[in-house]
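Peer 1: Dropping the structure in here first, questions after.
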Amino acid sequence: MNKTIKKLTVIGLGGVGGYFGFKLAQRYSNSEELNVSFVARGETYTTVKEKGLTLLSPEHENPIAHPAAIYQQLTDIPTPEVLLICVKEYDLEKVCLELKDKVNAHTVMLPLMNGVDIYERIRKVITNGIVLPACVYVASHIKEKGIVEHKGNAGKIVLGNDPQNPAYDAQELVDLMKSAGIDIQYKTDAFPDIWTKFFFIASFGLVSARYSRSIGQIIETPELQQRASLIMEEIKAIAIKKNIQIPAEIIANTFQKAATFPYATPTSLQLDVQAGKEYTELELFAGAIMDYGKSLGLPVLESTRIYEEIKAGLIR
């Protein structure tokens with residue numbers, strides 16, 4: 001295979017972008033094989049530009065990585081070849097609008113974000129280029145600006161082909177990422193993985209946020225378990241209508257997965273709602289379910305009800 005990818009830009013240095021961006025920057029530091037650059041803003045930009053990106057992880061003895069370049073604005077980046085989009089869901093449309101004129105037919109975009117509607121939301125704004133649907137797993141978070149902390153299992157990416165460009169072969173990108181020590185799996189269709197993860201993060205995220213209860217508490221409380229199950233039933237109906245290949249026993253599987261977490265584990269939506277943050281994953285979870293329900297003509301009463309309760313501040 002001819003090597004065609006020479007430049008890769010990571011947009012956003014939060015828990016996800018910081019973890020995977022660090023691995024890529026450290027592996028390809030001072031390398032002619034791949035130029036790795038970052039886009040970050042404010043204090044993160046200043047810190048990384050001056051001191052490098054720090055990753056506190058048992059996977060790396062050297063906790064510092066320096067990108068080939070770091071930019072403060074998307075408009076400053078040269079013509080991109082590969083873009084890792086690692087921003088919060090509420091910033092996605094803004095980022096896509098800023099990228100729109102930068103993207104050409106050969107630009108590859110890899111969104112490493114939660115949510116089942118990310119591909120569709122990108123495609124509403126950016127109609128050209130290649131968008132690779134992906135599912136990401138990593139337990140990392142921002143410790144301070146420019147410093148990301150990782151605990152637990154190694155991060156993992158499941159990547160699939162672009163439905164709009166099914167002939168595009170992402171193997172070269174996959175190999176570059178594997179060479180940086182990234183656990184990445186390449187499939188024809190990543191949507192089953194994306195939706196399987198969504199069953200868990202949306203149902204437990206919404207119920208935990210509504211009742212300020214941990215994952216273990218939801219499992220042991222019949223009322224809360226029932227609400228999570230009803231949300232999953234609505235997600236399942238949507239997935240079936242969209243011809244997503246999910247297991248028939250997906251709901252039981254999701255509860256089994258939840259049971260493997262430590263009893264007191266909170267969800268990120270729960271923590272953000274408790275902290276009174278202006279932007280949370282509420283729209284990413286319930287908002288997406290409600291939008292799909294409307295567009296597909298499916299009732300999503302439970303998701304709508306819990307969305308309205310959280311919006312009204314009914315959390316206990």
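Peer 1: Would you mind computing, in nm to one decimal, how far apart the modelled labels at residue 172 and residue 124 are, each placed 7 Å from Cα along Cα→Cβ?
Peer 2: Label-label distance for residue 172 and residue 124, simple model: 3.2 nm.
Peer 1: Let me ask you something else. Do any GluC sites (Glu not before Pro) in region 58-145 lie in a loop, going by DSSP, with at most 15 other beta-carbon atoms within 10 Å of their beta carbon, and if so which?
Peer 2: 59, 61
Peer 1: Restricting attention to region 202-264, which GluC sites (Glu not before Pro) occupy a DSSP loop and are surrounded by at most 12 other Cβ atoms within 10 Å?
Peer 2: 249
Peer 1: Starting from the Cα gyration tensor of region 125-169, multiply each eigenvalue by 5, take the square root, and state the resulting semi-axes largest first in whole Å. Before the final figure, lay out the partial values.
Peer 2: Values: eigenvalues 181, 41, 8 Å².
Working from the Cα gyration tensor, I get semi-axes of 30, 14, 6 Å.
Peer 1: Out of all DSSP beta bridges with both ends in the chain, state the antiparallel percent to the nearest 5.
Peer 2: Among the beta bridges of the chain, antiparallel pairing accounts for roughly 30 percent.
Peer 1: Could you tell me how many degrees, from 0 to 90 and to the nearest 10, lie between the Cα long axis of helix 42-51 and the main elongation axis, the longest principal axis, of the Cα atoms of the chain?
Peer 2: 40
Peer 1: Follow-up question, since we're still on this one. How large is Rg/Rh for the chain, to two decimals, with Cα atoms and a Kirkwood Rh? Can you show the working numbers first?
Peer 2: On the way: Rg = 19.5 Å, Rh = 20.3 Å.
Here Rg/Rh amounts to 0.96.
Peer 1: So what does log10 I(q)/I(0) come out to for region 192-311 at q = 0.10, 0.11 Å⁻¹, using the Debye formula with one equal point on every Cα and no solvent?
Peer 2: -0.26, -0.32
Peer 1: Within region 106-214, which trypsin sites (Lys or Arg not before Pro) sit in a loop by DSSP and count at most 11 neighbouring Cβ atoms inside 10 Å?
Peer 2: 151
Peer 1: Once amide H atoms are built 1.01 Å from N in the peptide plane, which residues 5 or more positions from residue 131, or in another chain, come under 5 Å H to H?
Peer 2: Amide H neighbours of residue 131: 109.
Peer 1: Pick out, from 55, 21, 66, the residue whose Cα sits farthest towards the positive end of the charge dipole of region 1-122, with +1 on the Cβ of Lys and Arg and -1 on the Cβ of Asp and Glu.
Peer 2: 66
Peer 1: Add -39500 (n - 2.57) for each DSSP H run of 4 or more in the chain, then divide by its residues: what number comes out at 222 nm, to the nearest 500 deg cm²/dmol?
Peer 2: Only helices count here, giving -12500 deg cm²/dmol.
Peer 1: Only Cα pairs within less than 10 Å get springs; with that Gaussian network setup on the chain, which residue of 82, 116, 125 has the largest fluctuation?
Peer 2: Ranking 82, 116, 125 by mean-square fluctuation puts 125 first.
Peer 1: I'd like the orientation of helix 301-311 relative to the chain: the angle between its Cα long axis and the longest Cα principal axis, in ° from 0 to 90, rounded to 10.
Peer 2: The angle comes out near 70 degrees.
Peer 1: Let me ask something else. Report for region 7-188 the percent antiparallel among DSSP-assigned beta bridges with both residues inside it, nearest 5.
Peer 2: Details: 11 of 36 bridges.
Just about 30 percent of them are antiparallel.
Peer 1: Test of understanding: ordering 273, 174, 16 by Cβ neighbours within 10 Å, fewest first, what list do you get?
Peer 2: 174, 273, 16
Peer 1: Follow-up. Given the options 272, 189, 162, which has the most mean-square fluctuation in a GNM of the chain, springs set between C-alpha atoms less than 10 angstrom apart?
Peer 2: Checking each option, the largest mean-square fluctuation is seen for 272.
Peer 1: Top mean-square fluctuation among 279, 137, 28, Gaussian network model of the chain, C-alpha springs under 10 Å?
Peer 2: So, out of 279, 137, 28, the one fluctuating most is 279.
Bear in mind that the values in this text are calculations on the coordinates, not laboratory data. Keep in mind that what you see is a predicted model, and the values were worked out from it rather than measured. All Cβ positions, even for glycine, are placed from backbone atoms using ideal geometry, and neighbour counts span all protein chains on display.
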